[in-house]
Amino acid sequence: MIEPKFQLNKEITELSNTLYLKGELDLSQAAEMRSAIDPLVAETNKALILNLQDLSYIDSTGIGVIVSILKARDVLKAPFHVVATPPKIQRLFDITGLTPFLSA
């Protein structure tokens, strides 16, 4: 059985909505991520957490999705965190200047 290129799993608790991203987040997968996360962005009473531990690749479209979530949560004054970022992806966040905005 071939594993999907991208997987997104949700963990919903009383205090937070955590999304676990696995695989490759690129242009072909960005719409899937957006549709899965959009309903959770507006839940301002819970922290929104992206766990990137199993994310192996992200392109500019994937980064753009994360930036749009960051901006939306900032406007709503709701907590948003990106955790367990692999070194290769962390380097992209550092280069693009996103790291200070994504730190927990």
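Descriptive notes on the structure:
- Average Cα contact separation per residue, the chain, under 8 Å, 6 or more apart, as relative contact order %: 26
- Shown here: the stretch 12-71, whose C-alpha atoms stretch 31, 21, 16 Å along the first, second and third principal axes, sorted largest to smallest.
- Shape category assigned to the chain from the gyration tensor of Cα positions, a/c cut at 1.5: oblate
All of the numbers you see were taken from the coordinates with simple rules; none came from a lab. Everything quoted here is computed from the prediction, not taken from an experiment.
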